[in-house]
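Written below as structure tokens is the structure these notes are about.
Please treat every number below as a calculation from the coordinates, not as lab data. Source: prediction; values computed, not measured. Please note: Cβ atoms are built from the backbone with ideal geometry, for glycine as well, and neighbour counts cover all protein chains shown.
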């Protein structure tokens with residue numbers, strides 16, 4: 001490992017790279033084409049970002065590397081990791097769901113690395129927002145998902161517009177077989193670590209009477225506390241109905257699915273990451289690449305249609321260095337898909353309902369563009385707010401705002417006392433963030 005990589009890992013608080021990451025770094029550094037298969041949550045982002053840096057010219061103010069992703073959440077996650085690395089290179093994410101004027105403002109000064117969803121990137125290519133002839137490296141992260149949700153036309157147009165590509169990297173958590181011809185992979189190297197998480201997964205089946213899934217879900221959620229987990233659904237309508245039921249039972253949770261407003265989706269994930277919420281109801285969109293902490297369990301409320309989605313869901317909990325539990329809730333008489341094997345039948349007794357989380361999330365109307373740092377926020381809350389370090393949780397800093405986890409018992413008092421405080425030169429509003437499911 002070179003000195004620059006050591007310094008980056010120190011900034012990220014990582015002691016050493018995983019076997020998969022070391023292998024990927026070596027191959028990307030020496031090969032022009034790579035297919036990297038590795039479980040969800042195994043560290044693929046760092047595996048391709050680290051070697052990419054050596055190919056960037058710090059004196060060239062043009063886009064030199066392009067990372068295509070299937071979702072805006074994955075785009076912002078990679079952008080956040082790259083900022084934490086402190087590389088010195090400008091790196092930006094663009095995606096549908098935000099104004100193109102915001103894109104244009106950030107792209108006036110060209111990023112060395114551009115991260116984006118295929119639709120938004122293809123739109124900027126068509127508008128000739130920036131030169132494409134300097135792009136030498138292309139990463140297709142979770143490429144199978146981009147194809148699955150209908151981005152083939154945009155991805156083909158993008159690759160056709162990149163005449164001087166020197167390297168291509170495709171990543172996925174599963175081996176989907178043949179690579180589409182438009183990607184123009186001639187003789188790719190293949191690194192396959194996709195089977196490494198399956199042995200660490202405990203698969204448990206809860207067999208319930210017909211039309212009793214929601215009642216038994218509540219019992220199962222109660223039994224898993226104070227753990228943190230995701231409940232997966234196939235259909236948005238089912239998710240929303242279950243959310244309303246959990247609200248009636250006073251079980252705190254957040255939701256994440258494609259039909260939600262982008263801001264609401266981001267805030268649901270933030271509250272899940274910082275511990276304000278321990279339960280996330282999610283569509284399969286959440287199984288793909290989003291930044292969530294290691295989980296204690298996942299629950300298949302609805303069984304997935306495809307083996308790939310089953311693998312991706314389970315990958316949220318059976319990480320490379322930890323064990324996990326996946327629960328299947330199925331009605332009596334319901335046949336399990338052929339790809340589900342080795343499940344253990346369980347029964348659930350009655351448990352008390354989950355206690356509220358010890359954390360609450362505060363929203364701050366100032367962010368990175370105002371030159372505000374996490375240290376500035378921590379200083380305000382500890383010095384003026386008189387919180388101890390144990391009462392101050394995870395701080396998430398965005399371009400134009402910030403989110404701070406604080407002890408629930410002090411959240412409203414802190415928000416009231418620190419509202420209209422100054423951070424750097426900006427007067428900011430500080431409020432308690434509502435936790436509406438959707």
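For this structure, a couple of remarks:
- Only helical runs count toward this figure. For the chain, summing -39,500 (n - 2.57) over DSSP H runs of n ≥ 4 and dividing by all residues gives -9500 deg cm²/dmol at 222 nm.
- Among the listed values [x] 22.3, 66; [y] 20.7, 68; [z] 23.0, 70, the one matching Rg and Dmax of the Cα atoms in Å as calculated from this structure is [x].
- For segment 359-432: rounded, prolate or oblate by the Cα gyration tensor [a/c cutoff 1.5]: prolate
- GNM on the chain, alpha-carbon springs under 10 angstrom: the most fluctuating residue among 326, 411, 75 is 411.
- Global form of segment 198-346, assessed from the alpha-carbon gyration tensor, a/c cut-off 1.5: rounded
- When each of 255, 401 is scored by the number of other beta-carbon atoms lying within 10 Å, the sequence from fewest to most is 401, 255.
- If the segment from residue 212 to residue 416 were pulled out straight at 0.36 nm per residue, it would be longer than the present Cα-Cα gap by 69.1 nm.
- Value of relative contact order over segment 241-387, rounded to a whole percent, pairs C-alpha under 8 Å and six or more apart: 20
- Of interest is the spacing of the C-alpha centroids, which for segment 16-73 and segment 84-104 amounts to 18 Å.
- Rounded to 5, the percent of DSSP beta bridges in segment 274-420 classed as antiparallel: 70
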